[in-house]
Amino acid sequence: MPRYDRDEIARRAGHASWREAVQATADLPQQEAGRLLGVSHPTIRVWRAELGLGPAAARPSAADTAAAFRADPDDPRHGSANGYRNLRCRCEACTAAWTAYQRDRRG
């Protein structure tokens, strides 16, 4: 995308320049930043790379996500097959949901 278009896009989004727009949205995921600025997320990735900005906040690891899920008994995902299989929860509700899922699957 030519540079003059970048500044026009930034102005439409309420920023003085494309650099300011990219820096203002640097902490957001690429898809969300793209929606706010009105461009595709690959464009955001290119712009961030040109400014030397790395990816947005690093995602927590799967193990950290699973541990946080198991530690929170009020999480609405308890009692689901996903809680049992992907998040490795073995509470009664998740175990029952997994059993029911397997029974339905087998027919």
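Computed values, structure above
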quantity	calculated
Pair list, Cβ under 6 Å, 6 or more apart: the stretch 54-67 residue farther than 26 Å from ILE44 by Cβ and at pLDDT 90 or above, other residue of a type in the set (Lys, Arg) and in a loop (DSSP other than H, G, I, E, B)	ALA66/ARG88
Which numbered condition ASP64 misses (of (1) surrounded by 11 or more Cβ atoms within 10 Å (Cβ to Cβ); (2) among the acidic types (Asp, Glu); (3) more than 30 Å from ILE9 (Cβ to Cβ))	(1)
Among residues of the stretch 82-101, those that are part of a helix (DSSP H, G or I) and surrounded by 18 or more Cβ atoms within 10 Å (Cβ to Cβ), counted	5
Scan of the stretch 14-45 for residues that are surrounded by 15 or more Cβ atoms within 10 Å (Cβ to Cβ) and not in a helix (DSSP H, G or I), ordered by number	HIS15, THR25, ALA26, LEU28, PRO29, VAL39
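Table: residues versus (1) modelled with pLDDT of 90 or more; (2) of a type in the set (A, V, I, L, M); (3) touching a Phe, Trp or Tyr at 6+ places or on another chain (Cβ under 6 Å).
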site: ASP5; (1), (2), (3): no, no, no
site: TRP18; (1), (2), (3): no, no, no
site: ALA26; (1), (2), (3): no, yes, no
site: ARG88; (1), (2), (3): yes, no, no
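The values are calculated or read from the model by the stated rules, or taken from the named source; none is laboratory data. Predicted, not measured: the structure shown is a model, and the values here were computed from it. Glycine gets a Cβ as well: all are built from the backbone with ideal geometry, and neighbour counts include every protein chain shown.
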